[in-house]
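The values are calculated or read from the model by the stated rules, or taken from the named source; none is laboratory data. Just so you know, these numbers come straight off a predicted model, no measurement behind them. Positions of Cβ are backbone-derived with ideal geometry, glycine not excepted, and every protein chain shown enters the neighbour counts.
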Amino acid sequence: MELALLPPSLRVVDVLESPDHLILHLQDQRQACPCPQCGQVSQRLHSRYLRTPRDTALGDRSVILELQVRRFRCVNASCPRATFAETWPEWLDARVQRTTRLAGLQRAVGLALGGEAGHRLLGQLQSTTSPDTLLRLIRSQGIPEPPCPRVLGVDDFCFRRGRTYGTILIDLERHQVVDVLPDRQANTLAEWLKGHPGIEIISRDGYGDYARGAAIGAPEAQQIADRFHLVKNLRDVAEQWLKRMRPHLVQPKTPPPVPLAAPVARPFQQDAQPTTSAARVSRAVKRRANRRALYERAAELHAQGYTVAATARLTGVGRSTLQDWFKQGHFPERATRVGALTPFVGFVLERMNSPEVTGQQIYDELVAQGYPGRRSNVYELLEWLRQGHLPPAAADHQRAAGETNLQPSKKFSAKRGAWWFIQIPEKLSRTAREGLGLLHASVEASGEVYRLIQEFAQLLRTQPTDAAAQLTAWLDQASTSTVVELQRFASGIHKDAAAVLGAMTSPWSNGQVEGQVTRVKLLKRQMYGRAKFDLLRARILLA
């Protein structure tokens with residue numbers, strides 16, 4: 001019996017079958033074999049031994065090969081090799097217990113899924129091996145050297161967020177990952193660029209070491225700042241400014257509900273449990289107290305001269321959160337959403353002072369006044385008041401009503417408002433237009449901030465022919481603005497003006513690089529963050 005799946009010189013002499021696997025007994029039919037050292041053909045047999053490699057499955061049964069291997073004597077007296085074994089280099093490597101076909105399948109599964117998940121899938125394919133072997137197969141595969149790119153995309157990704165970062169390099173013309181670097185230092189990027197001459201354009205984000213590394217390693221290449229990060233930084237400017245303007249981020253109150261003549265019957269499946277409300281309120285109060293303690297600890301460290309990074313390590317609070325806290329200068333309450341019950345808090349507080357009034361009676365009276373919500377919310381409000389606290393939404397409602405002549409009924413967050421500032425005006429919803437109109441009427445600098453942000457975003461979108469002149473004029477206006485966030489943004493643009501101008505005139509961007517970074521995040525999560533750099537690099541470049 002001869003199979004096309006085997007080398008031509010091999011013959012199947014016997015087949016043993018079982019429900020789970022097949023055992024194929026193989027022999028080579030050649031009369032002589034060449035010495036791998038000197039090439040001299042020899043027929044002098046020295047000995048035989050048995051190899052039992054595994055092959056890819058046939059149907060639902062695994063395949064084990066029992067291969068009789070002959071060892072020959074080398075007849076060349078000057079050859080340093082006395083004996084040698086017959087080989088099949090395209091089918092079975094020396095000292096390996098799997099065929100190249102099976103190794104290729106296992107390596108492909110390992111690249112796609114990693115060790116543990118690949119091990120589970122290969123078990124279903126009757127080609128199982130251990131997770132460690134899969135990782136060893138990935139590491140043993142050579143990584144081919146790709147052609148030197150003409151247009152290079154550079155971006156970072158985190159090994160551990162906020163702690164350690166690597167760099168991914170993309171050929172933007174071929175949409176292909178070129179290499180992965182173990183850090184994001186300027187010297188590392190510069191050395192790589194020096195070893196790959198011929199790069200004409202480098203698209204990168206605004207990280208300073210990338211700018212320095214590109215200038216050192218490829219001084220003739222044009223640098224282009226990534227438009228995505230520029231727009232993101234612009235949105236951050238709007239968000240930071242709006243956070244300072246937080247008391248003004250309100251919308252006019254809707255017309256008050258018309259009181260009903262009599263309570264409306266409202267069926268409920270079951271009454272709210274006071275114990276459930278009490279536990280929920282207690283947890284909320286405890287969370288706020290813990291957050292307040294963290295804030296006070298962070299403020300104390302900041303006052304002692306600790307950096308934001310050091311404070312983050314000591315408190316466990318993220319650096320961006322700490323930066324927001326320090327900019328506001330006071331304990332930031334959670335942003336809240338005003339509910340249907342919030343305007344009635346004063347009435348509930350007044351009625352609960354009467355000893356004979358029950359929660360059900362208060363609920364019925366609220367319904368008579370137009371309250372459309374659930375009875376369980378009334379019980380929860382009563383529990384807040386019994387414990388001596390105002391619910392966060394009610395406290396914000398009361399505070400905002402005292403600070404402005406507007407009667408707020410709904411808030412929008414700084415993050416939501418920041419999106420309104422960078423969106424195309426024609427695509428804004430009615431709610432967004434009303435919110436911007438209220439903000440412009442309430443805050444004097446709002447119109448200036450909105451205009452400057454829109455002008456910069458428009459330069460990135462339209463890429464006008466006179467972008468250089470318009471960018472210079474914009475920087476002059478932003479630098480002399482009364483808004484400190486715009487001044488800082490303009491200062492950063494000044495330092496990287498050539499690359500920013502490239503973003504306003506070149507079609508290249510880091511868009512596809514961001515997609516590759518997302519793919520890297522997927523691979524990292526498959527590996528649970530336990531892989532070394534060489535394995536992660538192999539999977540990024542080969543998978």
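So here's what we get for this one:
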{"read-out": "Qualifying residue in the stretch 205-212 (condition: over 29 Å from LYS415 (Cα atoms) and either touching a strand residue (DSSP E or B) at 6+ places or on another chain (Cβ under 6 Å) or outside any helix (DSSP H, G or I) (or both))", "value": "no"}
{"read-out": "All strands (runs of 3 or more DSSP E) inside the stretch 26-91 with 2 or more residues being surrounded by 14 or more Cβ atoms within 10 Å (Cβ to Cβ) and hydrophobic (A, V, I, L, M, F, W, C)", "value": "54-58, 61-73, 83-85"}
{"read-out": "Members of the stretch 213-232 found to be more than 14 Å from MET504 (Cα to Cα) and in a helix (DSSP H, G or I), listed by number", "value": "GLY213, ALA214, ALA215, ILE216, GLY217, LYS232"}
{"read-out": "Failed item, numbered, when HIS494 is tested on (1) under 21 Å from the mean Cα position of the chain (by Cα); (2) assigned to a helix (DSSP H, G or I); (3) more than 23 Å from GLN423 (Cβ to Cβ)", "value": "(1)"}
{"read-out": "Residues being outside any loop (DSSP other than H, G, I, E, B) and in contact with a Leu (Cβ under 8 Å, 6 or more places away or on another chain) - total across the stretch 194-204", "value": "3"}
{"read-out": "Count - residues of the stretch 155-176 that are under 18 Å from ALA538 (Cα atoms) and either not assigned by TED's automatic domain parsing to the domain that holds LEU535 or not charged (D, E, K, R) (or both)", "value": "11"}
{"read-out": "The one condition in (1) closer than 25 Å to LEU535 by Cβ; (2) among the hydrophobic types (A, V, I, L, M, F, W, C); (3) out of contact with any strand residue (DSSP E or B) (no Cβ under 8 Å at 6 or more places or on another chain) that TRP91 fails to fulfil", "value": "(1)"}
{"read-out": "Matching residues in the stretch 466-486 - criterion: being in a helix (DSSP H, G or I) and under 14 Å from LEU234 (Cβ atoms)", "value": "LEU471, TRP474, LEU475, ALA478, GLU485, LEU486"}
{"read-out": "Filter result for VAL96 (among the β-branched types (Val, Ile, Thr), closer than 21 Å to PRO53 by Cα and assigned to a helix (DSSP H, G or I))", "value": "no"}
{"read-out": "The stretch 489-522 - residue that is without any contact (Cβ under 8 Å) to a residue 24 or more places away in the chain and surrounded by 14 or more Cβ atoms within 10 Å (Cβ to Cβ) and, of those, farthest from LEU135 (Cα to Cα)", "value": "ALA490"}
{"read-out": "Condition met for VAL483 (in contact (Cβ under 8 Å) with a residue 60 or more places away in the chain, in contact with a strand residue (DSSP E or B) (Cβ under 6 Å, 6 or more places away or on another chain) and not assigned by TED's automatic domain parsing to the domain that holds GLY110)", "value": "no"}
{"read-out": "Output for the stretch 125-146, where each listed residue is out of contact with any Leu (no Cβ under 7 Å at 6 or more places or on another chain), part of a loop (DSSP other than H, G, I, E, B) and crowded, with 16+ Cβ neighbours inside 10 Å", "value": "GLN126"}
{"read-out": "Helices (runs of 4 or more DSSP H) wholly inside the stretch 358-413 containing at least 3 residues that are modelled with pLDDT of 70 or more and either assigned by TED's automatic domain parsing to the domain that holds ARG244 or not small (Gly, Ala, Ser) (or both)", "value": "359-368, 375-386"}
{"read-out": "Qualifying residue in the stretch 199-214 (condition: on the phi > 0 side of the Ramachandran plot and at pLDDT 90 or above)", "value": "no"}
{"read-out": "Matching entry among ALA186, ALA103, ALA117 (being of a type in the set (A, V, I, L, M), in contact (Cβ under 8 Å) with a residue 12 or more places away in the chain and either under 27 Å from ALA215 (Cβ atoms) or in contact with a strand residue (DSSP E or B) (Cβ under 9 Å, 6 or more places away or on another chain) (or both))", "value": "ALA186"}
{"read-out": "Single condition TYR528 does not satisfy, out of (1) under 30 Å from GLU448 (Cβ atoms); (2) not in a helix (DSSP H, G or I)", "value": "(1)"}
